[in-house]
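Right, one structure below, let's go through it.
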Amino acid sequence: MPDEVYLDYQSAKPVDPRVIEAMLPYFGERFGNAASLHAVGDRATATLDASRARLAAFIGADDPDEVVFTSGATESNNLALIGYANRNRRSGGHVVISEVDHISILNIGKYLEKADFRVGKVPPDQFGRISPAKLRSRITDDTILVSVGWASNEIGTIQPIAEIAEMLKGTGVALHVDAVAAEGQLSIDMRAVPIDLLTLSSNDIYGPPGLGALYIRKGVKLSPIAVGGGQERGLRSGTEPLPLIVGMSEAADIAAAEMRTEVPRITALRDRLIEAVLSTIPDSHLNGHPSERLPNNAHFRFEGIEGESLLLSMRDEGIAVSTGSACSSKTLEPSHTLISCGLLHEEAHGSLEFTFGRFSKDSDIDRVMAVLPGIVLRLRRMSPLYKTD
Ligand code: PMP
């Protein structure tokens with residue numbers, strides 16, 4: 001559809017054309033394997049080192065060696081939690097995660113339980129925030145690792161990561177943060193915040209899909225979760241995909257350079273949509289935190305109707321939105337995040353997520369507001385769940 005409106009940037013982002021441009025030579029004339037001992041290999045090594053340094057600069061890491069490239073955020077999360085738990089098992093068998101983390105973290109938690117670790121889950125408040133005090137109360141002498149997402153990929157709530165990191169500093173409990181939803185939108189500085197392990201994804205900063213990274217603070221020890229040729233300091237074997245790595249570092253440079261102008265622009269779009277929806281559509285509510293929320297996220301609940309029906313009606317109008325986490329939106333289960341925030345099943349089902357991005361514009365909101373109020377009205381007329389008086 002030529003004039004499709006795409007407001008689902010949390011699910012997938014187009015690769016920035018400048019990133020594609022930067023990657024292209026590395027598929028062809030600048031190909032190479034960094035492990036080779038000939039000149040082509042040396043050239044690949046130089047490119048890999050330079051790219052790693054650019055990504056390290058993006059997150060304020062002291063040493064480029066603290067960055068390990070992976071196949072994506074899911075793998076980074078696996079390496080962080082399983083790799084850390086296995087390597088540090090002698091120090092303890094208890095891991096703490098948050099109830100509002102990405103499904104990959106929740107499922108890694110289940111995996112760790114099967115591997116005889118104990119996994120505690122911290123519930124959020126009604127806005128999806130994890131309280132540092134509540135988190136602290138879950139930590140025991142046996143706890144070795146805490147994992148909290150920097151921000152929710154669903155409802156956009158930002159966690160008090162700096163406070164959590166300061167609280168854990170010096171306790172011997174390591175902190176992993178999944179920064180995928182936050183990267184490119186919030187300032188991430190490993191010099192300022194004592195995080196031990198940080199998950200990044202390339203596509204979430206408009207880089208190529210199929211690549212991620214894990215920041216591992218110097219001195220933090222992990223076991224690899226896959227074995228092979230020993231690349232990436234033995235932590236992530238497999239020939240490094242040079243074109244993707246060049247792309248991610250280019251994407252990081254662009255994100256860093258443009259955040260100062262892009263974040264206020266996206267925030268204004270988000271606020272315009274929130275204002276328009278809440279003031280125009282009766283019995284609509286904002287999910288997530290009113291102020292501590294990602295610049296690009298607007299997540300609503302509409303009483304008496306189903307998010308799926310809304311999504312399909314929007315789709316008919318050429319507007320792409322989401323009912324929640326893309327990773328699980330093809331299941332009929334309500335979002336675990338919304339349920340954890342205290343919503344009833346039918347309330348969670350009545351929710352719709354809009355996420356803005358680099359190519360979003362004001363006219364996208366005009367298009368949404370031209371059709372959404374009418375769609376909600378029509379679906380409510382057919383809904384036995386919606387009471388008019
Ligand atoms: N963490 C968060 C916060 C996410 O939003 C996602 C999905 N984009 C992931 C991890 C997993 O990413 P991927 O599916 O690319 O491995």
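The values are calculated or read from the model by the stated rules, or taken from the named source; none is laboratory data. This is a predicted model, so every value here is computed, not measured. For neighbour counting, all protein chains shown are included, and Cβ atoms are generated from backbone atoms with ideal geometry for every residue, glycine included. SASA here: full protein model, heavy atoms, side chains in, ligands and nucleic acids out. Shrake-Rupley method; radii C 1.70, N 1.55, O 1.52, S 1.80 Å.
Would you work out which of Val371, Leu175, Pro295 lies farthest towards the positive end of the dipole of the chain? Charges go on Cβ: Lys and Arg +1, Asp and Glu -1.
Positive-most Cα among the choices belongs to Leu175.
How do the peptides 89-100, 367-378 rank, highest first, by the average count of neighbouring beta carbon atoms within 10 Å per residue?
Working: 89-100: 20.2, 367-378: 17.4.
For the peptides 89-100, 367-378, the packing ranking is 89-100, 367-378.
How much mean residue ellipticity at 222 nm does the chain get from its helices, if each DSSP H run of length 4 or more adds -39500 (n - 2.57) and you divide by all residues, to the nearest 500 deg cm²/dmol? The partial results should precede the final answer.
Working: 11 runs with 148 residues, N = 389.
So the calculated ellipticity at 222 nm is -12000 deg cm²/dmol.
How tilted is helix 39-58 with respect to the longest principal axis of the chain? Cα atoms for both, answer in degrees (0 to 90, nearest 10).
Its long axis makes an angle of about 50 degrees.
Can you order the peptides 200-209, 272-281, 234-243 by their average number of other Cβ atoms within 10 Å per residue, highest first?
Details: 200-209: 25.7, 272-281: 16.1, 234-243: 17.8.
Answer by packing, highest mean first, reads 200-209, 234-243, 272-281.
Taking all protein chains as present, what is the carbon and sulfur share of the accessible area of region 17-254, in % to the nearest whole number, probe 1.4 Å? Please list the in-between numbers first.
On the way: 4920 of 9450 Å².
Carbon and sulfur together cover 52 percent of it.
Taking the solvent-accessible surface of protein heavy atoms with a 1.4 Å probe, what is the per residue accessible area of the chain in Å²? Intermediate values should be presented prior to the final figure.
Working: 16840 Å² over 389 residues.
It amounts to 43 Å² per residue over the chain.
Hey, what do the phi angles of region 121-134 turn into as Karplus ³J(HN,Hα) couplings, whole Hz, using 6.51/-1.76/1.60 and θ = phi - 60°, x for Gly and Pro?
10, 8, x, x, 7, 5, 9, x, 8, 9, 7, x, 5, 5
Given an 8 Å cut-off on Cα distances and at least 6 residues of separation, report the relative contact order of the chain as a percent. Kindly include the intermediate steps, with their values, before the conclusion.
Working: 756 pairs, mean separation 88.1, N = 389.
For the chain, the relative contact order is 23 percent.
Quick one: Debye curve from the C-alpha atoms of the chain, no solvent, what's log10 I(q)/I(0) at q = 0.06, 0.07, 0.10 Å⁻¹?
-0.24, -0.33, -0.67
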